[in-house]
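Undergrad: Quick one: structure below, then a few questions.
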Amino acid sequence: MAEAMGLILNGLSLLLIGLGLAFFMAGTLGVLRFSTPLNRLHAVTKADNLGLGLVVAGLILQAGSWALVFKYLIIWALVLLSAAAVSHLIGQRAYQQTRQTESGETP
Amino acid sequence: MLVFDGLLALLILGLAWRATSSRDLFESIVVFIALGLMIALAWVRLSAPDAALAEAAIGSGLAGALLLATWSRIEPQTDDRVRAFSWSWALVFSGLAVGLLLAFAQIPADGQGMMDEVQAHIPQAGVAHPVTAVLLNFRAWDTALELAVLAWAWFAQQALNRDHTPRYQALDGEVLQTFAKWLTPLVLLVGAYLLWRGATEPGGAFQAGAVLAAGLVIYSLAYQHPWRAGRLNDWVWRLSWVGGFWLFVMIGLVGLAMGVGFMGYPPAQAGGLILLIEICATLSIAFLLAAMFSGHRDTETLASKSNKES
């Protein structure tokens, strides 16, 4: 019974981490292929938020203690927070630049 | 894991090449930051978490911030010249590479290094973590000189860079300010934790100082001006900048007077003295690095200048 549980947990972990990696791949591809900064941000936030979230979820299933689970969640929350703030800054700058080019000003 | 290590090594070499060969200064800086993170990962793989923490926080994070701040203060530069191949430089660097390879080959494969001796003296060191024992006790002079180098770099930077602050981009909204406010308690907590933990596990003054400095840099970016903490006069700030080094040397002299040698501590007080030195060193490092990023000294003249401009 315990063996079967372990097997299921391992399978679930693999699935979640694999899915997370797929999001990272897609996000990276988006950063490389999309042309405008805003599109690129759109792509990379998927990797940051969902991709890392899935990887963390997969790792949590393997964590031996609640302390480790808590640490994984803190890491995810901190990355979410900094990614949101940095994306906002990059987006704001990109928006300012687009407006400047549209109105013909030199930046 | 061998595949991962191989890929990591290749990635590091590729990024290093890109950072030095890129024609665009901004691209070089960004690649350099990525390179620092990969090197930190390599230190983790080599089971050297102390070096990994320092590399990620200082080598990649703060050095990157300093490079970007410098980049924002100078004219954009792109090097379009055709690069000539120089035999003499190629020879010099090949010689260097051969020398490094020879040195690498001479490292004994099963080398314990000085680990046995360090472990034998840990009971007298005042701290339980071997890296901290070496940095703050057995080779304390090296660490004191590192602090002096940092202060020296700051003096040089002040001399060269009197009237410049980073060219802050105007911000809409208050997202970054809110972020900075939310982050501040956490930065203080992590900094204090790294400092305290340095006695028994990886961590220490440089890592803690770098984290605090990063918090100050974010603050300076969010509020768009060089950070100023209250109305402390210049003299107090100067003391905080060089205080880490001088306290270190003073305690070293006390050791000389007490007969345990220069930079030696009596084993009974070693733990407390190291903690005192580390607290002052952390503050020195944090303030020096942050002041290098945003400039501090000429705050008032700058404020009056920008008022005139606007």
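The values are calculated or read from the model by the stated rules, or taken from the named source; none is laboratory data. The shown structure was predicted, so the numbers you read here are calculated from the model rather than taken from an experiment. Neighbour counts run over all protein chains shown; Cβ positions are idealised from the backbone, glycine included. Heads up: the accessible areas ignore ligands, DNA and RNA and are worked out on the full protein's heavy atoms, side chains in. Shrake-Rupley method; radii C 1.70, N 1.55, O 1.52, S 1.80 Å.
Undergrad: For the stretch A:60-73, indicate whether the set of residues that are assigned to a helix (DSSP H, G or I), within 14 Å of chain B (Cβ to nearest Cβ) and under 22 Å from residue B:174 (Cβ atoms) is non-empty. Walk me through it before giving the result.
TA: Narrowing the stretch A:60-73 to residues assigned to a helix (DSSP H, G or I): A:60-62, A:66-73.
Cutting the leftovers down to within 14 Å of chain B (Cβ to nearest Cβ) gives us A:71.
Filter once more, so that each one left must be under 22 Å from residue B:174 (Cβ atoms): none.
The answer is no, given that none of the residues of the stretch A:60-73 is assigned to a helix (DSSP H, G or I), within 14 Å of chain B (Cβ to nearest Cβ) and under 22 Å from residue B:174 (Cβ atoms).
Undergrad: Name the pairs: first residue in the stretch B:168-187 and over 9 Å from residue B:222 (Cα atoms) and within 8 Å of chain A (Cβ to nearest Cβ), second residue modelled with pLDDT of 85 or more and part of a helix (DSSP H, G or I), Cβ to Cβ under 6 Å, at least 6 apart or on different chains?
TA: Final answer for the pair search is B:172/A:92.
Undergrad: Could you please give the count of residues in the stretch B:82-135 that are in a loop (DSSP other than H, G, I, E, B) and either open to solvent by less than 100 Å² (accessible area, probe 1.4 Å) or more than 30 Å from residue B:270 (Cβ to Cβ) (or both)?
TA: Residues of the stretch B:82-135 that are in a loop (DSSP other than H, G, I, E, B), as a first pass: B:82-86, B:106-114, B:126-129.
From what is left, the residues that are either open to solvent by less than 100 Å² (accessible area, probe 1.4 Å) or more than 30 Å from residue B:270 (Cβ to Cβ) (or both) are B:82-86, B:106-111, B:113, B:126-129.
Residues flagged as in a loop (DSSP other than H, G, I, E, B) and either open to solvent by less than 100 Å² (accessible area, probe 1.4 Å) or more than 30 Å from residue B:270 (Cβ to Cβ) (or both) within the stretch B:82-135 amount to 16.
Undergrad: Only residues that are within 13 Å of chain A (Cβ to nearest Cβ) and either farther than 21 Å from residue B:244 by Cβ or out of contact with any Gly (no Cβ under 8 Å at 6 or more places or on another chain) (or both): list them for the stretch B:188-218, please. Let's see the steps before the verdict.
TA: First, pick out the residues of the stretch B:188-218 that are within 13 Å of chain A (Cβ to nearest Cβ): B:189-190, B:193, B:211, B:214-215, B:218.
Those that are within 13 Å of chain A (Cβ to nearest Cβ) and either farther than 21 Å from residue B:244 by Cβ or out of contact with any Gly (no Cβ under 8 Å at 6 or more places or on another chain) (or both): B:189, B:190, B:218.
Undergrad: Something else about it: Which condition does residue A:40 not pass, out of (1) at pLDDT 90 or above; (2) more than 11 Å from chain B (Cβ to nearest Cβ), if it passes all the others?
TA: Only one criterion is unmet by residue A:40, namely (1).
Undergrad: Moving on. Please find, among A:28, A:45, the residue that is touching a helix residue (DSSP H, G or I) at 6+ places or on another chain (Cβ under 7 Å), within 14 Å of another protein chain (Cβ to nearest Cβ) and part of a helix (DSSP H, G or I).
TA: Details: A:45 fails: within 14 Å of another protein chain (Cβ to nearest Cβ).
A:28 is the lone residue from the list that is touching a helix residue (DSSP H, G or I) at 6+ places or on another chain (Cβ under 7 Å), within 14 Å of another protein chain (Cβ to nearest Cβ) and part of a helix (DSSP H, G or I).
Undergrad: Let me ask you something else. For residue A:89, indicate whether it is part of a helix (DSSP H, G or I), within 14 Å of residue A:45 (Cβ to Cβ) and open to solvent by 60 Å² or more (accessible area, probe 1.4 Å). Walk me through how you get there before you give the answer.
TA: Working: part of a helix (DSSP H, G or I): yes; within 14 Å of residue A:45 (Cβ to Cβ): yes; open to solvent by 60 Å² or more (accessible area, probe 1.4 Å): no.
No; evaluated as a whole, the condition is false for this residue.
Undergrad: Checking the conditions here, which among A:13, A:82 is polar (S, T, N, Q), within 13 Å of chain B (Cβ to nearest Cβ), in a helix (DSSP H, G or I) and open to solvent by less than 50 Å² (accessible area, probe 1.4 Å)? Steps first, answer last, please.
TA: Numbers: A:13 fails: within 13 Å of chain B (Cβ to nearest Cβ).
Going through A:13, A:82 in turn, the sole match is A:82.
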